Amino acid sequence: MQDTINRHEARWELMHQLLRMYKKKNLGTEMLQHTTKYRGLNLGIWVHTQRQYKTRGLLSEERIQLLKNIGIIWQPREAVWEEGFQALTKFYKTAKPDVGIPKHITYGDGKKLGGWVQNQRTAKTQGKLPSERIERLEDIGFIWKLRPERGWNRQGRIVEKTSPLNGRSN
């Protein structure tokens, strides 16, 4: 039994050291994917497992602190949502909220802001968007349903499209 415990401890220490090395080389550990491998070992799954252990109360405070010191994000889905929200807030500082997001607008590591916005609209329609998020979006002027006659041209300017509602085209 002691041999098994020692092997588990040694494995945890090895993976912890690999995670530290990965962070130095890649400048971050926040958003490791399940498929992330480093030096032939599946570091992404190990990090995911540590998150699950923490959630279930199976990870010691010492290990929680060691991982926290490296920069582990315990709730990556929350972090992804917050990253999109911050990008949208920044976008709204330069554009009116009542128009769609141009397709070329990206944030983070190339994620499409318009896709993130559409996901929020879809989640709300399906009743899957928490009320706290709805409130935060509404606080920055988020429009849940865009007027179909407005959009973006190729130069990134807001234009009014020909519409039976207004009869104009700009």
Estimated vicinal HN-Hα couplings, Hz - segment 61-67 in sequence order (Karplus 6.51, -1.76, 1.60; Gly, Pro = x)
4, 4, 5, 4, 5, 4, 6
Cα to Cα, under 28 Å, and not fewer than 8 places away if on the same chain: which lysines meet these conditions relative to Lys145?
Lys90, Lys93, Lys96, Lys103, Lys111, Lys112, Lys124, Lys128, Lys161
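At a 1.4 Å probe, what is the % contribution of carbon and sulfur to the accessible area of segment 46-117? Walk me through the numbers before you get to the answer.
Working: 2260 of 4340 Å².
Its accessible area is 52 percent carbon and sulfur atoms.
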Please calculate the 1.4 Å probe accessible area of Arg63, with all protein chains present, and give it to the nearest 10 Å².
50 Å²
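Using only the alpha carbons of segment 78-133, what is the convex hull's orientation-averaged projected area in square nanometres? Mind showing how you got there, number by number?
On the way: hull surface 16.2 nm².
For the Cα atoms of segment 78-133, the hull's average projected area reads 4.1 nm².
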Based on Cα positions only, what radius of gyration and what Dmax would you give for segment 1-71, in angstroms?
12.1, 38
Would you check the accessible area of Lys124, probe 1.4 Å, heavy atoms only, in square angstrom rounded to 10?
80 Å²
Expressed in square angstrom to the nearest 10, the accessible area of Lys37 with a 1.4 Å probe stands at 130 Å²
Using a Cα-Cα cut-off of under 18 Å, which lysines could be cross-linked to Lys24, ignoring same-chain neighbours fewer than 8 residues away?
Lys37, Lys68
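The values are calculated or read from the model by the stated rules, or taken from the named source; none is laboratory data. Since this is a predicted model, take the numbers as computed values, not measurements. When the accessible area is computed, the model is the full protein with side chains, heavy atoms only, and any ligands, DNA or RNA have been set aside. Shrake-Rupley method; radii C 1.70, N 1.55, O 1.52, S 1.80 Å.
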